[in-house]
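A.B. asks: Sharing a structure, written as structure tokens. Questions coming.
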Amino acid sequence: MRTVQAAADPDDAPRTVTLPADWDDTAAEALARLTPGHRPVDLAHEAARWVDDLCAGEIARPVIEPVARSLSCLLLLRQAAPTEALWHGHFDRRPGFIVNLAAFVHPDIGFRADDFVAALRLLARVLRTIAQQKAALRNGELPLNDPAAPPAAASVDDMAGTRTMVAGEILLTNLDACLAGLGLDYDSEGGRDAACSLVALATLVAHAGEGADALPLPPVRSIVPGVNQIARTVWQDAAVETEHPMARVETGFSAPGPIDALLGVEACGLAPAFSPLRPDGRLATSTLSRLACRGLTLEAAFAAMLAGEVVLPLPDASSHQAMYRALAGFIDRMPPRPDSMRDTLQTRAVLERGVRRALPPRHGGFTQKASVGGHRLYLRTGEYEDGTLGEISITPTRESPMTRGLMDSLGQAVSIGLQYGAPLEIYVDAFAYSHFGPAGTVEGDAVASYATSMLDYAFRALSDAYLGRRLPDAPHEDSLTPAPSPMLPLDLPTRDQPAHGRSGGDNDETPPPRRGRLRLVV
């Protein structure tokens, strides 16, 4: 173990972080980000905390306590770690684990398929146990009772929600580094075939026990040694009809976050590593693996580059799209489609010169009708040929002309930024959870049940549709507090009281009280 000073943000004060000696400073920053507060952070203490949270409960304790040491070992080996929701003990959200594919590659053995299957079986078992124990805490995923079904037909599992809801998710990551360790290029037929075999094996293990109909079809061929035999054995064990299928465990790919950094991931999910260097300037692990597989030392590779040879061809956005299409049929949930115009040097140079990528005259998109706090609005989008977002429009129907004009102007400004290459993530971070009226219950769209403003709902809906990231609702606020009146107070004297502070009398010539005049304050 070693102790370093790290901070989640450059503006924050550094904190003392203790972690394994072979973990880099990026993992220390991720651990500081995962641990709120300003106290010192210890990886062993944090791992014990979320493992203890999983063991809480009469159902979970006898299942998870015997494998608690295995869960900790998976984290120390940087093979798997819980998602942020599970790390922080937020059982109201869907639990999951992130699996680092590259950590199962050994330089001499290759891909350790037996360890991979054993780890996935362990994680799927833990997720189903958590779902059985914490089903009542899951927001928005409770099953709807069928009024036509007889009451006696519902089982205990159905009442708990473990049969009708997804128990959890297993997210794969670091695919490019895994292929590099196997001596395969990301942009090659062999690389895509190997990726399909590994992803299909993960989905097969995750769906085991759910019935024969839930098992995925295997790929046409597998070039990874040992994976074919392991997959055939798992298929024979899983393809058995059962009267009581297990809760569903879905597979997918991870999104960028602190858990991936904690696992030492080079490129999240199925994305390739577009640079051979790490952020600190050193060669990436995938680069070293590919050079070793080609039999090249660093000196030989440098000499070949000086001679004008292409030692390591870097993947581009088109190879990312090819990998995306190849894996689409072997996993439950795919991330948003990669943008063919993003992360290419040519596009970056064009965007730096200020060239706008206009939408074609006829383009796709969607129109969503919803209401926020009883105020109706329409959210319209425009998409490029590859499905990426290029235009938005937010139209409230019954608001004042000023409100409609401001919303329309904001939509045009965001659309222009998107067409000049501004990432949608920046707009989502800026406008999601913005707080102003009207706010309240969202009707007409399942992406949110409560919104703090129309912009909050709109950009959370865009995040769900185009980024594959559904943001949770903000805490509800009491909107029943009466607002102060915009009118000035009028202290008008009554006819029973004298005006100007004079005492009443028979001989007083008191003028009649003047009539108050209303004054409008804008």
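A.B. asks: So how do VAL447, VAL372 line up by other beta-carbon neighbours within 10 Å, fewest first?
C.D. replies: Values: VAL447 18, VAL372 27.
The order, fewest Cβ neighbours first, is VAL447, VAL372.
A.B. asks: Counting other beta carbons within 10 Å of each residue's own, what order do TRP235, TRP87 fall into, fewest first? The partial results should precede the final answer.
C.D. replies: Details: TRP235 16, TRP87 19.
Fewest to most other Cβ atoms nearby, the residues stand as TRP235, TRP87.
A.B. asks: Tell me, what is a quarter of the convex hull surface for the C-alpha atoms of the range 395-448, in nm² with one decimal? Please report the intermediate quantities before stating the final value.
C.D. replies: Numbers: hull surface 18.4 nm².
Result: a mean projected hull area of 4.6 nm².
A.B. asks: Using a Förster radius of 30 Å, what is the FRET efficiency between SER434 and ALA118 based on their Cβ-Cβ separation? Nearest 0.05, please. Don't skip to the answer; put the middle values down first.
C.D. replies: Numbers: r = 46 Å, r/R0 = 1.55.
Rounded to the nearest 0.05, the efficiency is 0.05.
A.B. asks: Right, here's the next one. Near PRO360, within a Cβ-to-Cβ distance under 14 Å, what is the net charge of the other residues, with Lys and Arg +1 and Asp and Glu -1?
C.D. replies: Details: positive: ARG356, ARG357, ARG362; negative: GLU383, GLU385, ASP386, GLU391.
The answer is -1.
A.B. asks: On to the next question. Within 10 Å of each candidate Cβ there may be at most 11 other Cβ atoms; applying that plus a DSSP loop requirement, which GluC sites (Glu not before Pro) in the range 351-400 survive?
C.D. replies: Numbers: sites: GLU352, GLU383, GLU385, GLU391, GLU399; in loops: GLU385, GLU399.
Answer by residue number: GLU385.
A.B. asks: Highest mean first, what order results for 185-194, 293-302 on Cβ atoms within 10 Å?
C.D. replies: Values: 185-194: 19.0, 293-302: 12.4.
So the peptides 185-194, 293-302, ranked by packing, come out 185-194, 293-302.
A.B. asks: Just want the ordering: THR242, THR388, from fewest to most Cβ atoms lying within 10 Å of their own Cβ.
C.D. replies: Values: THR242 10, THR388 18.
Ordered from fewest to most neighbouring Cβ atoms within 10 Å, THR242, THR388 come out as THR242, THR388.
A.B. asks: Among VAL447, LEU467, LEU377, whose Cα sits farthest toward the positive end of the charge dipole of the range 367-467 (+1 at Cβ of Lys/Arg, -1 at Cβ of Asp/Glu, about the Cα centre)?
C.D. replies: So the residue we want is LEU377.
A.B. asks: Can you list residues whose amide H is under 5 Å from SER434's amide H, if they're 5+ apart or on another chain and H is modeled 1.01 Å from N?
C.D. replies: Under 5 Å from the amide H of SER434: ASP456.
A.B. asks: For the range 367-467, what's the relative contact order in percent, using C-alpha pairs closer than 8 Å and at least 6 residues apart?
C.D. replies: Values: 176 pairs, mean separation 27.1, N = 101.
Across the range 367-467, relative contact order equals 27 percent.
A.B. asks: Within the set of other residues whose C-beta is less than 15 Å from the C-beta of ALA231, count the net charge using Lys and Arg as +1 and Asp and Glu as -1. Walk me through the numbers before you get to the answer.
C.D. replies: On the way: positive: ARG112, ARG121, ARG221, ARG232; negative: ASP114, ASP115, ASP193, ASP237.
With Lys, Arg at +1 and Asp, Glu at -1, the neighbours total 0.
A.B. asks: How much net charge surrounds SER393 when only other residues with a Cβ under 12 Å from its Cβ are counted (Lys, Arg +1; Asp, Glu -1)? It would help to have the intermediate numbers written out before the result.
C.D. replies: Details: positive: ARG380, ARG404; negative: GLU391, ASP408.
Combined, the nearby Lys, Arg, Asp and Glu give 0.
A.B. asks: Calculate the FRET efficiency for ARG380 and HIS244 from the Cβ-Cβ distance with a Förster distance of 56 Å, rounded to the nearest 0.05. Could the numbers behind the result be given before it?
C.D. replies: Working: r = 46 Å, r/R0 = 0.82.
For R0 = 56 Å, the calculated efficiency reads 0.75.
A.B. asks: Roughly what would the spin-label model give for LEU306 and ARG469, points 7 Å off Cα along C-beta, in nm?
C.D. replies: Taking the two extended label points, one gets 4.3 nm.
A.B. asks: Given the C-alpha centroids of the range 197-214 and the range 242-292, what is the distance between them in whole angstrom?
C.D. replies: Taking the Cα centre of the range 242-292 as reference, the centre of the range 197-214 is 20 Å away.
A.B. asks: How much length is gained if the chain between GLN236 and SER400 is pulled fully straight, taking 0.36 nm per residue apart and subtracting their Cα-Cα distance, in nm to one decimal?
C.D. replies: On the way: separation 164, 0.36 × 164 = 59.04 nm, distance 6.48 nm.
Residue separation times 0.36 nm, minus the Cα-Cα distance, leaves 52.6 nm.
A.B. asks: In nanometres, what is the gap between the two model label sites at ASP9 and GLU84, each 7 Å from Cα along Cα-to-Cβ?
C.D. replies: 1.3 nm
A.B. asks: Once the Cα gyration tensor of the range 367-467 is diagonalised, what are the square roots of 5 times its eigenvalues, in whole Å and ordered largest first, as equivalent ellipsoid semi-axes? Don't skip to the end; give the middle numbers.
C.D. replies: Working: eigenvalues 87, 44, 30 Å².
Value: 21, 15, 12 Å, ordered largest first.
A.B. asks: Follow-up question, since we're still on this one. Separation of the range 384-411 and the range 52-79 by C-alpha centroid, Å?
C.D. replies: The distance from the Cα centre of the range 384-411 to that of the range 52-79 comes to 48 Å.
Each value in this text was obtained by applying a stated rule to the coordinates, not by laboratory testing. In this text the structure is predicted, and so the values were computed from the model without any measurement. Counting neighbours? That spans all protein chains shown, and the Cβs are built from the backbone with ideal geometry, glycine included.
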